[in-house]
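Student: Okay, handing you the structure first.
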Amino acid sequence: MKEEIKEILLRKYTERELAGMRYVYTCLLYEGSKFLLLYAIFSLFRMDHEYLAAIAVLLSIRNFSGGIHFSTYWGCFLFTFFFLFGAVWASRTIALPPPAQNAVLLSGALILFCTGPVTSDNRPKLTARQHLFYKSIGCAVTFLYFLLFLCEETFTYRNLIFWVIVFQILQLIAAKIYKKGDHHEKSNTECTRVPL
């Protein structure tokens, strides 16, 4: 049965197209399941609204700046959990004055421009044009957060947004340093390989 399905698919699609479809399907499955599992965990801690706000902010920056990547589902899951839990915890316990937050965000936008994007080895290398595009968008999004912070001193989740951005910048710096050492994820594509 499996071979028949593969044969039918190969008549309609190339091996490359099938590999692309497997990759997209696997990513959607993994990311969707991580999102739901994390939502359930944060709900148990009564942090579900903060989790959703943190995810929204993180996605608005990380999609363009990249960061630390793991070759296993559980490694990625645990890192994401501790990243988000740390940001929520910091937002509840550490409140910097607005001018300090503004200065950090402006510095963060510059850091993102200088260091981003850091992509996974499982993805094709970015062209120089793509690299500039992603680094510019990541920097611009962070700069928009800076402008929001500059214009509004108090708003819901201000401190959470600040700490998510700070954690993203810190892990981007760590990923950049680690990648320069060139001893990460050499060719382990375990999380993206799904046989037909």
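The values are calculated or read from the model by the stated rules, or taken from the named source; none is laboratory data. Just so you know, these numbers come straight off a predicted model, no measurement behind them. Neighbour counts run over all protein chains shown; Cβ positions are idealised from the backbone, glycine included. Ligands, DNA and RNA are excluded from the accessible area calculation, which covers all protein heavy atoms including side chains. Shrake-Rupley method; radii C 1.70, N 1.55, O 1.52, S 1.80 Å.
Conditions (1) of a type in the set (Asp, Glu); (2) closer than 30 Å to PHE113 by Cβ; (3) touching a helix residue (DSSP H, G or I) at 6+ places or on another chain (Cβ under 6 Å), marked per residue:
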position: LYS6; (1), (2), (3): no, no, no
position: GLU31; (1), (2), (3): yes, yes, no
position: LYS34; (1), (2), (3): no, yes, yes
position: TYR51; (1), (2), (3): no, yes, yes
position: LEU58; (1), (2), (3): no, yes, yes
position: ILE61; (1), (2), (3): no, yes, yes
position: PHE64; (1), (2), (3): no, yes, yes
position: HIS69; (1), (2), (3): no, yes, no
position: GLY75; (1), (2), (3): no, yes, no
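Student: For GLY116, which of the numbered conditions (1) open to solvent by less than 40 Å² (accessible area, probe 1.4 Å); (2) within 26 Å of TYR39 (Cβ to Cβ) fails to hold?
Tutor: Every condition holds for GLY116 apart from (2).
Student: If you take the residues in region 1-23 that are modelled with pLDDT under 80 and of a type in the set (A, V, I, L, M, F, W, C), which one is nearest to LEU78 (Cα to Cα)?
Tutor: Of everything passing the filter in region 1-23, ALA19 is nearest to LEU78 (Cα to Cα).
Student: Let me ask something else. Going by what's in this entry, would LEU59 be described as under 20 Å from GLN171 (Cα atoms) and surrounded by 16 or more Cβ atoms within 10 Å (Cβ to Cβ)? Working first, answer last.
Tutor: Numbers: under 20 Å from GLN171 (Cα atoms): yes; surrounded by 16 or more Cβ atoms within 10 Å (Cβ to Cβ): no.
Judged against the criteria, LEU59 is not a match.
Student: Might you check whether a residue that is in a helix (DSSP H, G or I), modelled with pLDDT under 85 and surrounded by 14 or more Cβ atoms within 10 Å (Cβ to Cβ) occurs anywhere in region 24-37?
Tutor: Taking every residue of region 24-37 in turn, none turns out to be in a helix (DSSP H, G or I), modelled with pLDDT under 85 and surrounded by 14 or more Cβ atoms within 10 Å (Cβ to Cβ).
Student: Then there's this: So which residues in region 102-156 are touching an Asp or Glu at 6+ places or on another chain (Cβ under 8 Å) and hydroxyl-bearing (Ser, Thr, Tyr)? Don't jump to the end; show me each part of the working.
Tutor: First, the residues of region 102-156 that are touching an Asp or Glu at 6+ places or on another chain (Cβ under 8 Å): 120-122.
Listed by number, the list holds a single entry, SER120.
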